[in-house]
Structure formats: C-alpha cells, structure tokens
1. Excluding residues on the same chain fewer than 8 positions from residue B:395, give the aspartates and glutamates whose Cα lies under 16 Å from its Cα.
2. Taking every pair of alpha-carbon atoms in region A:6-79, give the share separated by more than 15 Å as a whole percent.
3. How far apart, in nm, are two points set 7 Å out from the Cα along the Cα-to-Cβ line at residue B:316 and at residue B:337?
4. Under 12 Å Cα-Cα from residue B:299, which aspartates and glutamates qualify once same-chain neighbours fewer than 8 residues away are excluded?
5. From the helices alone, meaning DSSP H stretches of at least four residues, give me the mean residue ellipticity at 222 nm for chain B, per-run term -39500 (n - 2.57), in deg cm²/dmol to the nearest 500.
6. With a 10 Å radius around each residue's Cβ, average the other Cβ atoms per peptide and rank B:83-89, B:428-434, A:78-84, highest first.
7. Would you calculate the separation in nanometres between label points at residue B:5 and residue B:120, each defined as 7 Å from the Cα along the Cα-to-beta-carbon direction?
8. Any aspartates and glutamates with Cα under 16 Å of the residue B:48 Cα? List them, leaving off those in the same chain fewer than 8 positions away.
Amino acid sequence: MNNNWLSYSPHIRTNSSVNKIYLLFIIAIIPALLNGIINYGWRSLLVVIVATGVALACEIVVTLIKNKKLILIDVSSVYVGLVIGLTMPPNISLFAPLVASLVATIIVKALSGGIGQNYVSEVSVAKVLTAIMFGASYFKFINPQTGVETTNNIVSSIAGGASAKHIDVLEVLFNGISGGIGETAIIWLIVGGVFLCAAKVIDYKIPLVYLITTLGLGYLLFGFNETVVLLAGSGAILVAFFVLTDFASSPKGIVSAIMFGLGAGIITVLIWKWGNNPHLAPYYASLFVTIIYSAIKGIEINKNKERRSA
Amino acid sequence: MKIKAFSYIKGIKLPKIKSLKTSEEVKSLEEPSVVYVSVKQIKGLIPKPVVVKGDKVKVGTTLACVGDNYIYSPVSGTVMEVKKLPSVYGSITDAIVIENDKKGTVLPFIEVQDAYSKEELFTAIKKACIVDYDGVAVFKKLENVKTINTLVINAVTDEPYETNNIEIIKNNLKDVLYSAKLMATAYNIKKISIALTKDYYLEFKKATQLVPAEELEQLEVCLVPNFYPVGDESELYYALTKTRLVGNKPIDKGTLILDIYTLNTIFNLLTTGMCDINRLITIHDATKKQITETTVWAKVGTSIEEVVKAVREEGFVGVKKLVAGGPMRGTALGSESAPITKGLKSIILFGQNVKDVPEEVPCINCGLCDKVCPAKISPMSLDKVIINTDMVKAKEMGVQACTRCGCCSFICPAKRHLTQRMQYAKEFIKDKGI
C-alpha cells in the first residue's frame, strides 16, 4: 500500500540533455569538416584527430581525478577538440593541435571550474597561443583548390591597402580563400550556423550583430569586396557562429548580446586596419569581449528594473 | 458573440498527451458508506474540529472552523471519530469520519431568491467558503473592491493531462452564464468575457447551440494559445491586456477572473441554497501504453482508494506513482487513503514505465530557464546563490515572486531541480524571518 514513489513537481520533463545539445553542434560543423578534409587531404584529417583525441583524453583524466569514477562521456570536449582542429592550418606540425587541446581543456576549462564555468573562450586562447608559439610555420598559405603553397597572401595585402576589385565575391564564398582547415568553407559554415539558429540551440543575435558590424564598418574603411575577402580569409564566420556563442562566456540578455556582438565587430575591423596580424583578428576580438563580460557579470546595471514581488 | 484572438509570448508549449475517453457521458458514483472530511480545504489557517463522536449532522452542518474559514459536512449521518489522515497536499491533518445514512437531509446556507443585491451575494459567498481554482477563497477577492469593469470566465486548459473544464462547457454552460449575469447585475459589471484555448473553440461552438441566443449577445470570446501557464490569473491578465502586474492582483485593476467551475458552484448555491457536495474529478490512467481518462461526479470526502476502485477494474495493481493535481504542480501522494477535497481536479496514476527522477549534472549556463520564466526572475543565477545558502541575496534577486509553475525544471537540459530549490529558499526565508 505504501510503496508509492514520491518526487517533487514537475512530474514530466523534456527529453533533451546536455550531450544531445552538443551533438547538434557537432552535426552542424560536420559539413565544414568534410569540405576541409576533401580540399586538403589526409594530413588535415590527422590534425583534427589529434586535436579531438587529446581533448577527450584530457577530459577523461580530469574527471577520474576529480570524481574517482567515470560518470558519462562529456560530448562538449569532443566538440571543443573538433573546433580547435578546424582552426589549425593544414600542414602544421602535430605538436600544435596537441598543445592547443591540452591548454584549452586543462588550463582554461578544468582550472576555472569545469563545464559552464569558463571565463574566456577556450578555442580563442588555444589558437592565439599556438599561433604565437609556432611562428612562421603557422602562416603558410595553401590555395584550397590547387593545394599549392603560395607566397602571395591576399589577406595581408588587402589589409595593407591593396584593392580587391578584380576578385569575384561569389567565387570567394563558394571556393574559399586560404586559411585554417575549416575556415575556408564559408557556405558550409553558414549552413551549419543557420541550422543551429533554427533548432533554437544558439541565439541568433550575436552572430547577426557581429556580421552586420564587420560588414558595415569594413565597407566604410575598406570597401565591400575587400571586406568579404577579409572575412573569408581570417576565419570570422567560424568565430561568429561557433566560438562567440559559447554558453558560459556569452551574455543572454537582449541589450548585452547586442553590445557584445558590436564590440567584437569593432575590434575585429580595427585590428584589420591598424593591427599587425589580420589573420588572428577575430580571435583577439573574442578574447577581449569574453574577458570583459566575465569581469562585469556580477554588476547590476539596471537597478530600478521592476521585479514582481509577492 | 464577438470573437477575439490573443497572443502569449512567455511560457512553454508542453507536449500533448493523447488519451482515450472511456465514456462520453459523465456519470455519478454511488454514495459511499463512510466519508472522511479533511479540515484542510482552503488556503490559510487550519480549522479545528467542533464536533465529537456521536454527533448527528446534516448536509451543511459546520464541522470545523477558524476565523472566516468553515468546513461543512457533505452528507447527513453520525460522526464516528476524528482521526489523522494524509491530505492531498502531502501533509497529515485531522479528518472527521462520518457514517453516511444516505438520506441527504439538508440544512441550507441561504434562502433562495430571484435576484441578489451586492451585500447579499457577498454574504452568501463568504458563508459558503467557495474556493477558486488555486485554493484561495473567492470572498477575499471581492472584499474592499471599488469598481469592477470586466468579469473573465477562465476556461483555459493548459496542462497536457487535461482538466475537466470541457465537461462543464458541454453540460452546464447555461448555468455558468446565468450566475455570471447575476454577479454582473449585483456588482454593476459592464463586460463579460470567456477565455478559451484555441483547440477547444469548436466544442464551445457546439455547446452554444443549447443556449438561447439573447444570452450570448454581449459575451466576448477570447482565444489564447495553448502555452503553459496561461491559465494562471496574472498570466491570463497579461495575455489579454499586455500589461505586467507588479505586486498587484488583477482585481486591483478592475478585472475579476473566476474559474468556470467556481461559477458553476455559485450557480448551485444561488439556486438550491447548497453547494460543494459533489466534485467533478478526472482520473487519468497512464499505466498502460494507451492512456485513458474517466470523468465522474464523486461526493466530497470519498477516499481516493474508493474512487479509483470504482473506475478502474484492477484497483491499484500496477500503480507506481499517484499524483493529486496536474503533472506540473501536483503533489505525489504516499498513500491512497487521502480523501477528496472540494478543490481537487484530477488524479494521475503512473505505472511501471514512469521515468526515474533524473540526476543533476553541472549547469552549462545555456539560459533556457531565464527565457521561459513567466515571473521574469533568473533561475540560473538563483540556483548558484541558493546552493551557497545566501538567502539575503536570493531575496534581493526576487525569489519570492516565484509561482512554482515548474517551467524552469521542465526545460533544463542538465536536469537540475530548480523548482525545488526555489521553494526551499522561500520556506527558509519565511521560517527565519529574513
């Protein structure tokens, strides 16, 4: 008679879970991954595998040390490893993805408290750190169509002031300009990003405001064709949809999200115009705004907002 | 009859559960031989019993009272004893056990009249202790009120296991409109409207064919989308007028919102002198793959065990979890001997295939709970603050505005027990007097 189960309301819950959400992220980034591997060959697949494998292994080691048993596989570390692999250039030495995944998983994610507590985007930290460590070999530019190394880098020359009137914008969108493995497949990245927005997994405000700001400000400072080439060649589309929308380091309110995207866009364009390295501009911008957001998270700006009290 | 459609932005769309009705008509259960009347049937102070063993009672005799809160007997007979029984709210309270002599001699509350003035209506509703759907007494809404502009009849169904508003619309729409008109004449209310969810408009239209046309002329039909919790008073007011109430109730702005079942009860009171003897209750049987529902009229005070045994052949075999109320706000009961109160709408029986309580994993800061909260507080930040037992900060962040709707716990992908934590904080603040 008294063997009934007891639990607190509500008695029904959704079917979604944390792993299912990150699985949707992985599905959205697979087209860009396949495009990169088809263009760049087996070496790029090896780079992605090393990045993903090291991220997963570090996460398992940290879980075993903290809890002394493995509860479940954390799919978010697989996702972070994939994105880090996609930001690497295709012919880099295999130490780069190893160091990148190690730093991202252990130093940024685990030491700040685990999932959901990171104060800065771990992909940006990993990319900027390896770019500084691996210097000249990081910036070898390979044409995605022919696979041939070129010394003429179109992105740097445009940032220096050259004009891009002879470049067809549509060709840039569909074939890509040299860069990281996943940064060249513009159309597939946009398809993945729109799929995530439609599935209501990420907020559409941050990528939209970021892209509008960079296009608008870039048009004033450079010109339309030039801005498209800069966007395509420095990985800004990957950053807009997959790096800036990290849950723990991006704001959720309407006004805060708009200011976040605006700030990131302005810093990106300023680094293109007056900075040293146009290839890393979106990643520096993401570092900057996420750290500022984490620093001012606790301060309530809108003190006289009406709250219903009982 | 004017029809208007409204939109409602906050809240969540709950998955619809398809259930099969066991019969088209609503039948009445036969009279039980023993009746248990629980003393906790209205929100407020708990009444003390005033009868002892051996007293003879009629329908309408006072069994327990404290202040303005009275508990009346639903049957006539002899009092057997006063003992402690579990209640449908989860606690253990006194219950008066009466042996039913099945004669039904009545001691009416009021004299029946054709027309009622404002004071007579208020006195009648106050004496009969009629409750609205959330357990609050109706007379508390009407106390000290200056003017009422609109009377809204709340017939909204927003939970997946449905309540029985649709049966009242099918069978008693004429009575409901008659009592609404009596209230409008007494309180000088200009506009009467009825709020429905869009799915039930066709059934409502079929039911209006039984009502004479002149009573429907001035009625306004408001269609709202089926998003939970649009059935709550403040949320319905927001859906109809797009203004947020801050620390107020709708009655302060001149809108009286009453449940459709409450108006049916007021009709019984004003035309027969007696009310709240029987209760319309729906039993949802979710133990098998095909979910069935049965709606019956049962006498107030019947124990849940008897009701389920009369409706379901196997009795309690295969039932693993018993929930009194809806799936989002209801209480899980530990024993079947709890008796029916005059505010209980439905019972849900879960079987072996019910899911276990999920385990919590760390919060990923996705922000879905902030988006769906109807009270516009932030469960994501309150979760962290309450875990650190910082209740002063929690009170500043507005945890007392939580209405326990359960939307945040429902949508959380990390399966965190957010509703439970908010309720814990509210009780902590009340106990320690922060």
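The values are calculated or read from the model by the stated rules, or taken from the named source; none is laboratory data. This one's a predicted model, so the numbers in the text were calculated from it and none came from an experiment. Here the Cβ is made from the backbone with ideal geometry for all residues, glycine too, and neighbour counts use every protein chain on show. The area values use the complete protein model at the heavy-atom level, side chains included, leaving out ligands, DNA and RNA. Shrake-Rupley method; radii C 1.70, N 1.55, O 1.52, S 1.80 Å.
1. Straight-line reach from residue B:395, under 16 Å: A:300, A:306, B:383, B:427, B:431.
2. 68
3. Roughly 1.0 nm, to one decimal.
4. By straight Cα distance, residue B:299 reaches B:30, B:31, B:276.
5. On the way: 13 runs with 120 residues, N = 434.
About -8000 deg cm²/dmol.
6. Working: B:83-89: 17.0, B:428-434: 10.6, A:78-84: 25.4.
Result, highest mean first: A:78-84, B:83-89, B:428-434.
7. With each label placed 7 Å out from Cα toward Cβ, I get 4.4 nm.
8. Straight-line reach from residue B:48, under 16 Å: B:68, B:81, B:94.
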